[in-house]
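Each value in this text was obtained by applying a stated rule to the coordinates, not by laboratory testing. If you're wondering where the values come from, they're calculated on a predicted model, not measured in any experiment. In this analysis, Cβ positions are derived from the backbone assuming ideal geometry, glycine residues included, and neighbour counts consider all displayed protein chains.
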Amino acid sequence: MDLHASQIQGFFNIPVDNLFAEPDVVRWIRENLPVNKCVIVSPDAGGAKRATSIANRLDRPFALIHKERPRPNEVGRMVLVGDVEDKVAILVDDMADTCGTLAKAAAAVKDKGATEVMAIVTHGILSGNAIETLNNSCLNQVVVTNTVPLGDKEERCPKLRVVDVSATIAEAIRRTHNGESVSYLFNNTPI
């Protein structure tokens, strides 16, 4: 689900479908947040396509954080492109590992006037000091799917919420088994 790079599909010698968490994420946002007050934010240029797709489905504005890197693997300044003032900023990404970038992006968005900052991430890897980083960040909530087992991380981080994507995976398996279109699941499902 939400492969980090779609080219990964080319490394298999069997057919591979890249499933998307987007329908479940959009549904969660609609059911849990004041959509008319939200802005969707990509924490980096690589996630811009994902963020704009969610923003379009919700008919909401989009913003982007541009990271300036003084050296490889080091984030210097973060520059916000877009308006988040007086809005609920939703950072969307495919995975959260150590959560350093997510915490810095949340601070950058909060500094520009967002009333709340949330993160919605497909894969909550949450390795190393990620839980401490999240607990100490200005993020109000961190929403992850259940694609990665969390163990005791939910108990250790009161900001964590989980979106169940098992129905999407089950329907994709059913469609594959019956020779039906899997892309139909993401292109024609009402959200």
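Does region 1-104 classify as rounded, prolate or oblate by the C-alpha gyration tensor (a ≥ b ≥ c root eigenvalues; a/c under 1.5 gives rounded; else a/b over b/c gives prolate, otherwise oblate)? Oblate is the answer for region 1-104, as a/c is 1.5 or above yet b/c matches or exceeds a/b.
For a protection proxy built on the mean count of beta-carbon atoms within 10 angstrom, sort 115-127, 50-62, 176-188, 3-15 highest first, please.
The densest-packed peptide leads the list: 115-127, 50-62, 176-188, 3-15.
Normalised by the number of residues in the chain, the average gap of Cα pairs under 8 Å and 6 or more apart makes the relative contact order 17 percent. In region 19-180, taking the dipole from charged Cβ atoms about the Cα centre, the farthest positive-side position among Leu91, Asn32, Gly179 is held by Leu91. Looking at the square roots a ≥ b ≥ c of the eigenvalues of the Cα gyration tensor of region 68-116, which shape do they give, rounded for a/c under 1.5, prolate if a/b is larger than b/c, or oblate? In terms of gyration-tensor shape, oblate. A Cβ-based charge dipole, computed about the Cα centre of region 19-180 with Lys and Arg at +1 and Asp and Glu at -1, lands at about 260 debye.
Distance between the C-alpha centres of region 156-191 and region 1-65: 13 Å, rounded to the whole angstrom. Is region 108-191 rounded, prolate or oblate when judged by the Cα gyration tensor, a ≥ b ≥ c being the square roots of its eigenvalues, rounded requiring a/c under 1.5 and prolate requiring a/b larger than b/c? Here region 108-191 falls in the oblate category. For the chain, DSSP calls about 20 percent of its internal beta bridges antiparallel. Based on Cα atoms of the chain, Rg over Rh with Rh as the Kirkwood radius reads 0.97.
Candidate cross-link partners of Lys37 among the lysines, defined by an alpha-carbon separation under 16 Å and a same-chain spacing of 8 or more, comprise Lys87, Lys110, Lys112.
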